[in-house]
1. Compute, for region B:240-348, the length of the dipole vector about the Cα centre, with Cβ point charges of +1 (Lys, Arg) and -1 (Asp, Glu) only. Units Debye, rounded to 20.
2. Report the local net charge at B:Ala335: Lys and Arg +1, Asp and Glu -1, summed over other residues whose C-beta lies under 12 Å from its C-beta.
3. Name the residues whose placed amide hydrogens come within less than 5 Å of the amide hydrogen of B:Gln214, ignoring near sequence neighbours (fewer than 5 apart) on the same chain.
4. Count the net charge of all other residues whose Cβ sits under 13 Å from the Cβ of B:Arg169, scoring Lys and Arg as +1 and Asp and Glu as -1.
5. Going by alpha carbons, how many degrees (0 to 90, nearest 10) lie between the helix axis of A:114-124 and the longest principal axis of chain A?
6. Is any residue of region B:1-45 close enough, with backbone N under 16 Å, to a label point placed 7 angstrom from the Cα of B:Leu70 along the Cα-Cβ axis, and if so, which?
7. Using only the Cα atoms of region A:77-283, what semi-axes does the equivalent ellipsoid have when each is the square root of 5 times a gyration tensor eigenvalue? Give whole Å, largest first.
8. Summing -39500 (n - 2.57) over the DSSP H runs of n ≥ 4 in chain A and dividing by its residue number, what mean residue ellipticity at 222 nm do you reach, to the nearest 500 deg cm²/dmol?
Amino acid sequence: MAREITGMVERRGFGLWLTHLVMIAGVLVIFFPIWLAFVASTVTQPEIVRPPMPLWPGDQLIENYTAALFAGVNVPVLTMLGNSLIMAVGIAVGKIIISLTSAFAIVYFRFPGRNMFFWLIFLTLMLPVEVRIVPTYEVIAGFGMLNSYQGLIFPLIASATATFLFRQFFLTIPDELAEAAHVDGASPMQFFWDILLPMSRTNIAALFVILFIYGWNQYLWPLLITTDPSMNTIVMGIRQMFPSGDDVADWPVIMATSILAMIPPVVVVISMQKLFIRGLVDSEK
Amino acid sequence: MATVSLDNIKKRFGPTEVIQGVSLDVADGEFIVIVGPSGCGKSTLLRMVAGLETITEGELRIGDRRANDLEPMDRDIAMVFQNYALYPHMSVAQNMGYGLKIAGLPKAEIATKVADAAKLLQLTELLDRKPRQLSGGQRQRVAMGRAIVRAPSVFLFDEPLSNLDAKLRVQMRLEIRELQAKLGITSLYVTHDQVEAMTMADRMIVMNAGRAEQIGTPLDVYERPATLFAAQFIGSPSMNVLEVEGRDGALWLGDMRLPNPTGHIGPVMLGLRPEHLTPDPEGAIVMQVLLAEPLGANTLLHGKLATGQGFTASLPGVHALSHGGETLRLSISPANMHLFDTATGARLG
Ligand SMILES: Nc1ncnc2c1ncn2[C@@H]1O[C@H](COP(=O)(O)OP(=O)(O)OP(=O)(O)O)[C@@H](O)[C@H]1O
Ligand SMILES: [Mg+2]
């Protein structure tokens with residue numbers, strides 16, 4: 001497999017240089033703003049506001065990051081990172097559990113209205129969070145879940161996309177396998193745990209990465225339902241750090257926060273990269 | 001080990017009756033082959049015995065228990081599937097032991113049973129591999145192993161060899177039969193390959209469109225086919241079937257006069273096996289040979305009769321055609337003539 005791919009894009013001489021040049025240029029363009037943010041997080045406030053902007057890191061790295069992590073502007077960044085982590089993991093795990101079990105029900109059980117349920121779930125694909133945000137807010141407020149982790153997580157858990165993906169995957173698993181398990185005496189839940197779940201491992205990993213980032217990047221919903229700064233998530237928290245009125249923005253601390261906000265998704269992607277790619281490319285059958 | 005009895009078993013999917021009443025008594029340790037063309041309901045019948053399909057009507061007994069409403073697990077059966085259905089993420093040993101694990105046996109006991117079965121099937125070296133690291137024949141063996149470890153009283157096979165190449169199929173055929181004889185486990189075996197049916201069966205069921213056309217030993221079915229369908233399905237090359245007329249104490253095919261073993265009067269279907277024909281200068285059957293297929297031990301001669309019907313003869317030895325279209329006179333002993341009712345296809349005499 002790996003050899004085929006290298007063979008596919010094999011180039012020699014000039015072509016090789018050209019592709020690399022284009023690639024490097026692309027990386028620089030994407031990387032430059034991140035670099036600037038990093039530089040800004042290592043200098044002092046006066047250095048940033050005085051043109052020209054510095055292009056090389058200064059000597060305030062430790063001070064700025066310590067300030068961000070433990071003091072922040074409204075609330076320590078550590079708290080917001082923790083909130084974001086709980087929310088992102090909660091959403092990813094919740095979505096995976098819900099969609100695995102609903103796909104299992106839809107594919108392996110014959111119950112009245114099975115197809116109707118599938119299409120209902122499918123329909124919700126067309127209703128993103130933003131469209132149903134007002135009624136959802138009403139419901140969550142009614143349950144008294146404002147400023148709580150439940151409020152952050154539950155409304156985002158139902159997932160048509162993941163249910164649909166798992167359904168498609170389950171449909172590719174031969175019926176004979178379920179029948180073999182049935183003959184072996186496995187109950188439906190044993191079949192789910194012992195066979196379906198391990199076979200879905202790579203798909204689950206791929207979805208976890210995607211859903212973690214989805215959860216991490218939520219902005220509008222946390223903004224609406226968390227009024228207490230100690231419940232802020234980091235992505236919305238960065239925006240909250242911008243001063244209103246005439247106060248000066250503490251740019252080094254804001255930039256340090258931005259850099260910190262990027263680290264967890266990057267760590268998740270890198271640590272799960274192998275499983276993630278396998279989940280997208282092939283399924284173990 | 002157990003007897004299995006099917007009493008007028010029927011299966012309907014919606015309005016269509018796929019199995020139209022099959023009755024069969026399987027003796028303890030007997031090897032039964034269910035054979036028939038694609039779509040005749042072989043798998044459905046087997047799956048009803050397995051408990052994977054509900055029985056619409058009739059009674060199924062395994063051992064001395066009524067099994068209609070038992071879960072597969074409680075029927076004391078094991079099944080080998082066409083595509084083996086091995087769990088892809090489990091090792092060979094785990095695949096074989098999964099049923100035992102579900103049954104709650106202690107780990108050590110599972111390991112011993114798996115090791116014993118693996119030894120029997122020469123799988124010992126492969127126990128730690130995953131199914132995808134095995135050849136087709138080895139996967140087939142693992143599927144067998146999974147069935148054996150549970151020491152069931154009935155084995156069910158659904159076309160287990162159809163994914164193997166011809167040579168391996170012959171070898172596995174022997175292995176399965178030997179193993180079954182050694183373990184003495186009652187078996188139902190589905191195939192659409194009549195050679196498999198002939199060579200493996202103690203008794204076979206020839207199925208057609210949801211009905212059992214004939215139930216009997218392979219030789220029974222070959223020598224005294226109960227219906228025209230069974231006659232044509234079993235035997236290779238398949239039987240010549242001609243429409244003839246019985247009158248004046250003989251059977252007439254156009255102006256060819258053949259003996260009339262049953263004395264039947266009027267139109268009737270006559271079946272002649274190609275291998276029962278012998279060249280005879282006085283023979284009543286006159287065939288124009290168009291094509292010769294030498295198979296080594298014998299030669300298939302394809303051609304047509306004076307009436308225009310296609311006809312095949314299988315003669316021992318080598319017969320080269322000197323030129324196309326030569327005529328050949330053949331005769332057949334009356335004992336090898338099979339007569340069937342024109343309307344119902346039932347055997348006469
Ligand atoms: N779940 C089902 N719903 C409706 N009809 C079915 C169903 N399963 C099987 N059938 C029909 O029942 C008939 C018998 O099917 P079955 O699978 O038993 O055939 P088979 O003899 O095993 O054929 P093959 O040799 O091709 O495997 C077929 O006409 C098939 O279309
Ligand atoms: Mg079948």
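1. The dipole of region B:240-348 has a size of about 100 debye.
2. +1
3. Amide H neighbours of B:Gln214, under 5 Å, 5+ apart: B:Val206.
4. Here the charged neighbours net out to -2.
5. Approximately 10 degrees, to the nearest ten.
6. From region B:1-45, the list is B:1-7, B:26-29.
7. 38, 21, 13
8. That comes out to -21000 deg cm²/dmol.
Read-outs throughout are calculated quantities, based only on the coordinates presented, and are distinct from any laboratory measurement. Just so you know, these numbers come straight off a predicted model, no measurement behind them. Every residue, glycine among them, receives a Cβ derived from its backbone with ideal geometry; neighbour counts consider all protein chains shown.
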